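The values are calculated or read from the model by the stated rules, or taken from the named source; none is laboratory data. Keep in mind that this is a model prediction, so the values were computed, not measured. Cβ atoms come from the backbone with ideal geometry, glycine included; neighbour counts cover every protein chain shown.
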Amino acid sequence: MNESSKPATRIGTLVSERVADCILARIASGEWGPGHRLPGERQLAEDLGVSRVSVRAALQGLKARGLLDAVQGGGTRVIASAQAMDPGMLDLVRVDAGNLTDLAEIRAILEVWAVGRAALRRTQADLDELTGIMAATEADISAGQHKSENDVRFHLAVARASQSGIYQHIVAVIRGVLREMVEYHRYELFPTREDDVMILEQHRAVFNGIKARDPEAAQAAMRLHLGWVLDRYAREKAVKKP
């Protein structure tokens with residue numbers, strides 16, 4: 001059977017699958033990360049040179065697979081397909097502090113990789129965002145305010161700058177527990193002004209590596225930063241031993 005004699009429904013299916021693949025490619029590249037609102041059906045149809053019917057079918061299929069979600073008031077956004085894991089992970093951390101250590105060790109591996117990618121792939125917009133976060137962090141530390149919020153913003157910005165769709169989805173899944181982890185760090189594990197200044201300097205070293213497009217320097221700085229955190233975990237665990 002040649003292409004022209006194939007049933008119209010099958011041709012329509014093929015087109016919607018191609019549209020879905022195009023959308024998935026932009027999600028996988030990190031261009032459309034978790035929470036990103038997609039262009040409207042009409043815009044997507046024009047961009048891809050297909051009908052709105054094909055776009056609508058592609059979007060419905062991706063929603064069914066847990067990759068997209070409807071936005072209240074209209075539109076579609078990217079979601080983390082494993083988003084439901086986050087509350088369970090929070091419970092695991094709350095009932096056993098050892099799980100928090102495990103998560104910190106996993107972060108030390110993943111974030112070193114991610115920051116190397118960020119140094120190579122960051123855009124000017126990424127750099128502008130990180131510059132603003134560094135300035136806000138310094139100002140808040142000087143004022144003694146909101147110490148954890150800018151820490152979380154910094155690590156999320158590094159994730160976006162990596163331009164990795166997979167890594168951004170991993171971070172989206174653990175975002176809630178990451179926020180609690182950072183609050184524990186900044187208000188219990190590292191509560192002093194000396195700790196504030198140390199973390200600021202460590203973040204600045206990471207930022208400088210990204211700014212210079214130097215993946216080795218950025219990774220070394222992130223490794224030092226998260227290694228310092230893990231060392232404090234180990235010391236706290238030793239003190240609490242009976």
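Summary of computed values
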| item | result |
| --- | --- |
| Of residues in the range 97-132 being of a type in the set (A, V, I, L, M), in contact with a helix residue (DSSP H, G or I) (Cβ under 7 Å, 6 or more places away or on another chain) and over 29 Å from residue 233 (Cα atoms), the one surrounded by the most Cβ atoms within 10 Å (Cβ to Cβ) | 127 |
| Qualifying positions in the range 104-131 - modelled with pLDDT of 95 or more and among the basic types (Lys, Arg) | 117, 121, 122 |
| Among (1) surrounded by 13 or more Cβ atoms within 10 Å (Cβ to Cβ); (2) at pLDDT below 75 - the single one residue 5 does not satisfy | (1) |
| Hits in the range 74-96 (condition: of a type outside the set (Lys, Arg), modelled with pLDDT of 80 or more and loosely packed, with under 15 Cβ neighbours inside 10 Å) | 74, 75 |
| Residue that is surrounded by the most Cβ atoms within 10 Å (Cβ to Cβ), among those in the range 159-184 that are touching a helix residue (DSSP H, G or I) at 6+ places or on another chain (Cβ under 7 Å) and closer than 23 Å to residue 142 by Cβ | 182 |
